Every structure is written in C-alpha cells, then in structure tokens.
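Notes follow the structure.
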Amino acid sequence: MAGGPSTVDLVVATWRAGALGFLAGGYKTAAGLTDDMAAVKAAGVDAFGVNLFVPGAPTTDPTGLAAYLTRLESDAAVVGVALGEAAWDDDDYAGKVDAVLAAPPAAVSFTFGLPAADLVQALQAAGSLVVLTVTTPEEADVALRVGPDALCLQGAEAGAHRGSLTNDERPDEDRPLRALIAAVRRRTLVPLVAAGGVGGPEDVADLLARGADLVQAGTVFLRCPESGAPAALKDALATSAASGTTGITRAFSGRRARALVNAMVREHPGAPAAYPEINNATRPLRARAARAGDPEHMSLYAGTAFGRAEAEPVATIIERLVSRVRR
C-alpha cells in the first residue's frame, strides 16, 4: 500500500503474527526503500516482500490532461494550494531494482506492468521469489511468459490502483476475484495469490478453497495502529462503514483506482488516462486535504470490504483472518 499505509512497523508486526508483509516501494526513492528494508531486517524480520511499480509511458492525451488540470484548479483553491507539476517520471524504478538486487528480500512483486525476463531471473538467482500482478486471464497468460514464481490475482473488489498491465480502457477489465481465480487456475499450476475484498475469515477460507494458494489483504489493515494511513482516512473508513460506497476513478492519479466515493470522485468522472502526471499534479492537494482532515479532497483508497476494517493491532486482525483455515 504505497503512499504511507505500509510502514516498517506494519511489516514487522505482520511477520511477528506469522504472515508475510510487504514494503511499498512505490513513490519511495531508492535510498528511502533501502532504509526501510534495513529497518525491517534490524527488527529481526527474516522474511518480507517489496512491491515495485513498473513505469509506463507518458500520456497520449496531453490535451485532455491540460483540460483536466484546469478543472482541478478550483479543488486546489478550496484547500489553499497550487497544483503540482503534471510531470511524467519512472518512480526511480532502476534505482529501486538495484536496491532489491543488492539486499534481496524474500519476495519482490511488480504492479502496473511486467519486469524484463532477465530481471526476473536475476532476482530469482539472488534468492527472491518474483510475484507479478494481473487483473485478467489474458494478462495472466502474458505474465506467465516472464517466468514468475507466483501470480497475484487482483480482483475488481480490491482497493486503490488497479494493477493492470496497461493504463487504457478495456472491455471486461474488472473481473471479480472468484471468477478470476477460476479462469487463471485452469491455465496454470503456478501458485496464485488472491487479492481483493478480503474482509474476514470466511473470505480467506473461501478463496483458498477455490484454488488460491495464498491470500493477500490490504484495506482491512488500514485502521490498525501500525498503519501509516492518515487519520482522516482512518476516520472516513469508520464513518462510512454503514452507508459509504466505493467506486473506480481516475480523478486522483490518472490511473484507475477504487476509492470511497467523495466529492473528488463524484465531480471528476471523466479524468483522463495520465499516470503519473495527474498523481504528481494532485499530490499537494491531497496532502493538504489530509493534514486538514478534509476527506472530500483526499484519495480515500479502499476496497469493497472497507467496512470490515477495525482499529485493532495487526496481530489481532491476522488471527481473525486465518481463524477458519485448517492448520
């Protein structure tokens, strides 16, 4: 969970509870990621993962991007900031690849695209398991050609950014997790990690019974004390539990993402495909809104099971999630 929620404390507590936690490499510098990995190891953690964002191409719709930035100026004015520069960048990808090769974690997962086959082989030779994120059976077919150790199947129920291999609009791109497992399991014996809409022990047990080898959860941990999510997001998850809804939007980043529906989601349904340009432009807006406790202008990224998130320690949440799994 990039952007703050996945902290060193969260990863350490996850390992101590008997699960595998992931550091978020996204939006970190290579130096920052190196420091986080060192801190996790210094805490005595033997096994953890790192997630990296694979950079895409600059937007093919600069006119649409410019028009959208003009519409966003009123939102920025409401919170009292100027928009950031809508620049493309590669998220220091090469530097972070060097960092995980230099100090290999137990697993490295990739989102938003596929790493080169020679990088997959280099990580495996260094001792890291390589996990590739896909959102459709067709993406799974492509990812398998790179030789991963596992696929992470991200269902449409998952919170935050869709982990699709491209940033375009495609028919049938939001596959429910259980249908995705069934389709991909028929294609491969490679281990499958199921992600999306995991809120309770019945979800974990059901996904494993349907063919997943592992289950990945995110939103359910957002309110825990080890999470670095802003207080305003934690509060919004709690107050929206009974009546709130989520939707998929490009409003905050220019890439499709599931979030609690707020003013930004409602008012900008036609945001263009321009990631990370829009993400960089809205960063000051979102940061100021978070500091001010303004949930209407924050990216309240959350999955469909957000109502199950509780303000409990990681260990308590993990114990509950696995309570129906035969050990």
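When each of the peptides 315-321, 258-264 is scored by the mean number of other C-beta atoms lying within 10 Å of its residues, the order from highest to lowest reads 258-264, 315-321. Loop-only GluC sites (Glu not before Pro) in region 139-246, please: DSSP not H, G, I, E or B, and at most 10 other Cβ atoms within 10 Å. When the GluC sites (Glu not before Pro) of region 139-246 are filtered for loop state and at most 10 Cβ neighbours within 10 Å, 169 remain. Other residues within the sphere of radius under 14 Å centred on the Cβ of residue 143, judged by their own Cβ, net out at -2 (K and R +1, D and E -1).
Shown here are the Rg and Dmax of the Cα trace of region 127-278, at 16.1, 47 Å. Dividing the helix sum by the residues of the chain, where each DSSP H run of 4 or more adds -39500 (n - 2.57), gives a mean residue ellipticity at 222 nm of -11500 deg cm²/dmol.
Among the chymotrypsin sites (Phe, Trp or Tyr not before Pro) within region 53-128, not one is in coil by DSSP while having at most 10 neighbouring Cβ atoms inside 10 Å. For region 120-185, the set of trypsin sites (Lys or Arg not before Pro) satisfying both a DSSP loop assignment and a count of at most 13 other C-beta atoms within 10 Å is given as 145.
Could you work out which residue, out of 105, 115, 62, moves most in a Gaussian network model of the chain, that is, has the largest mean-square fluctuation with Cα springs under 10 Å? Looking only at 105, 115, 62, the largest GNM fluctuation is found for 62. Quick check: from the Cα gyration tensor, does the chain come out rounded (a/c under 1.5), prolate or oblate? The shape class here is rounded.
The coefficient of translational diffusion for region 83-188, derived via Stokes-Einstein from the alpha carbon Kirkwood radius under 25 °C and 0.890 mPa s, stands at 165 µm²/s. For region 193-327, take the alpha-carbon Rg, divide it by the Kirkwood Rh, and send me Rg/Rh. With Rh from the inverse mean 1/r over Cα pairs, Rg/Rh is 1.01. Think of the chain as having a plus end and a minus end, set by charges on the Cβ of Lys, Arg, Asp and Glu; of 86, 263, 201, 201 sits farthest toward the positive end of this dipole. Maximal additional length on extending the residue 116-residue 144 stretch stands at 8.9 nm, based on 0.36 nm per residue less the C-alpha distance. Scoring 13-22, 269-278 by mean Cβ neighbours within 10 Å over their residues and listing the highest first yields 269-278, 13-22. About its Cα centre, region 176-324 has a charge dipole of approximately 520 debye under the convention of +1 per Lys or Arg Cβ and -1 per Asp or Glu Cβ, with nothing else charged. Full extension of the chain between residue 38 and residue 188 yields a length gain of 50.5 nm, computed as 0.36 nm times the residue separation minus the alpha carbon distance. Magnitude of the charge dipole for the chain, about its Cα centre and with charges confined to Cβ atoms of Lys, Arg (+1) and Asp, Glu (-1), is about 760 debye. To the nearest 0.05, what FRET efficiency results for residue 101 and residue 261 with a Förster distance of 41 Å applied to their C-beta separation? Efficiency at R0 = 41 Å is approximately 0.50. Averaging Cα coordinates gives a centre for region 11-51 and one for region 156-191; these two points are 26 Å apart.
Computed over the chain with a Gaussian network model linking Cα atoms closer than 10 Å, the most mobile of 113, 127, 254 is 127.
Bear in mind that the values in this text are calculations on the coordinates, not laboratory data. No experiment lies behind these values; they were computed from the predicted model shown. Please note: Cβ atoms are built from the backbone with ideal geometry, for glycine as well, and neighbour counts cover all protein chains shown.
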